[in-house]
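Structure record follows, encoded as structure tokens.
The values are calculated or read from the model by the stated rules, or taken from the named source; none is laboratory data. Owing to the predicted nature of the structure, the values given are computational and were not obtained by experimental measurement. Here the Cβ positions follow ideal geometry from the backbone for every residue, glycine too, while neighbour counts run over all protein chains shown. Accessible surface is based on the protein model in full, side chains and every heavy atom, while ligands, DNA and RNA are left aside. Shrake-Rupley method; radii C 1.70, N 1.55, O 1.52, S 1.80 Å.
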Amino acid sequence: MKQQMKHNQEKTTICIPGLKEDLRIMQITDTHLCEAYPREGEELCRMAGNRHTGFREQGQPGDFTLTDLLQGLIRLSNEERVDGVVFTGDIIDFPSLKNMEVMKSAFGELQMPYLYMPGNHDWSFPHLPVTDEMRVESYPLFQEWFSNVPGCQAIQLGGMNLIGVDNSNYQLTEQQFDFIREQCELGLPSLLFMHIPLYLPSLEPAVRSQWGGSPIMMGAEDWTDQELLNWQIRLPDESTLAFTEWIRRGKGAERIRGVFSGHVHFHHVDAITDGRMHHTTLAGFKGGSRMIHLTKA
Ligand SMILES: [Fe+2]
């Protein structure tokens, strides 16, 4: 008999003065689906099988597949009748045809609005080299989830603005930074969602200890040359550093009442500044998710 699916859900409550009604938003991240059709090639199917085994060794629970776990989280969102769902990347482990189809059909089951931003895995293949050009070239695959600004999206729910940006190359462009500031100028209380967490000194020890010593956060500047090579990334651009400075004390940044990320695969909460928190959420492949409860008082 199949085990019952156990969810490991963290709860976050944020008080939003002036909110008309309480809202509940579910964050789902890092389910890393590993589906591929046999017609997509032997090499891809073998890699998919190896990756699936790897996730089981890293804490994938019970006798569920990664796809079961994503579908279980979608079911939970519907059963809980949450007001919105946000996917913060690495929902698929690589963009095979089957992964894209399974992900789209899972999203199609949702009975409420949702926001999806890709992570570094949604657009790259683990057995192939990664370049930033590949990320931009993959954008047509994700077109339906972006607004008219590439790598950006926002939805408004019950007086809240949920802003998503693709920072899956550890960078934000000027255009993305402008988009975030423009969204804040709307004057609504906002939440920001992006795959890669912000660099925060208080988050750094846990990240380094779980990721082989590497500071896999956006805005981290003390990468070694070897680590940059291994992770196939570059040091933060000027626009990325300008954003990481702005979010702490820039004009309008106070409207962002919380930042929510995935990527590092564990639950963690840190202060960005007094009263505004940054959250990383346990990977969906480990049964994790986060319920964000926005209360009016
Ligand atoms: Fe991930």
Margin query: Looking for something buried (at least 16 other Cβ atoms within 10 Å of the Cβ), more than 16 Å from the ligand (Cβ to nearest atom) and on the phi > 0 side of the Ramachandran plot - is there at least one such residue anywhere in the range 141-151?
Written below: yes
Next item on the list: Kindly list the number of the only condition in (1) of a type outside the set (A, V, I, L, M, F, W, C); (2) in contact with a His (Cβ under 9 Å, 6 or more places away or on another chain); (3) part of a strand (DSSP E or B) that fails for His263.
Entry: (3)
Checklist line | Yes/no for Lys6 being part of a strand (DSSP E or B), touching a residue at least 40 places away in the same chain (Cβ under 8 Å) and loosely packed, with under 14 Cβ neighbours inside 10 Å | finding: no
Next item on the list: Please work out if Ser190 is more than 16 Å from the ligand (Cβ to nearest atom), open to solvent by 20 Å² or more (accessible area, probe 1.4 Å) and in contact with a strand residue (DSSP E or B) (Cβ under 8 Å, 6 or more places away or on another chain).
Entry: no
Check: Quick one: in the range 109-129, which of the residues that are of a type outside the set (Asp, Glu) and over 19 Å from the mean Cα position of the chain (by Cα) is modelled with the highest pLDDT?
Finding: Gln111
Item checked: Among the residues listed as Gln210, Gln232, the single one being over 21 Å from Glu133 (Cα atoms) and surrounded by fewer than 19 Cβ atoms within 10 Å (Cβ to Cβ) -> Gln210
Next item on the list: Please determine, by comparing only the residues of the range 239-297 that are of a type in the set (A, V, I, L, M, F, W, C) and under 18 Å from Gln183 (Cα atoms), which one is most open to solvent (accessible area, probe 1.4 Å).
Entry: Ala242
Check: Among the residues of the range 281-288, is any small (Gly, Ala, Ser), modelled with pLDDT under 95, over 18 Å from Glu204 (Cα atoms) and not in a strand (DSSP E or B)?
Finding: yes
Next item on the list: Filter the range 10-32 for residues that are away from the ligand (no atom under 16 Å from the Cβ) and assigned to a loop (DSSP other than H, G, I, E, B) and give the result.
Entry: Ile16, Pro17, Gly18, Leu19, Lys20, Glu21, Asp22
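I'd like the full set of residues that are away from the ligand (no atom under 16 Å from the Cβ), of a type in the set (A, V, I, L, M, F, W, C) and within 18 Å of the chain's Cα centre (by Cα), limited to the range 248-271.
Ile256, Val259, Val269
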Margin query: I'd like to check something: does the range 63-71 contain any residue that is open to solvent by less than 10 Å² (accessible area, probe 1.4 Å), within 16 Å of the ligand (Cβ to nearest atom) and within 16 Å of Ser168 (Cβ to Cβ)?
Written below: no
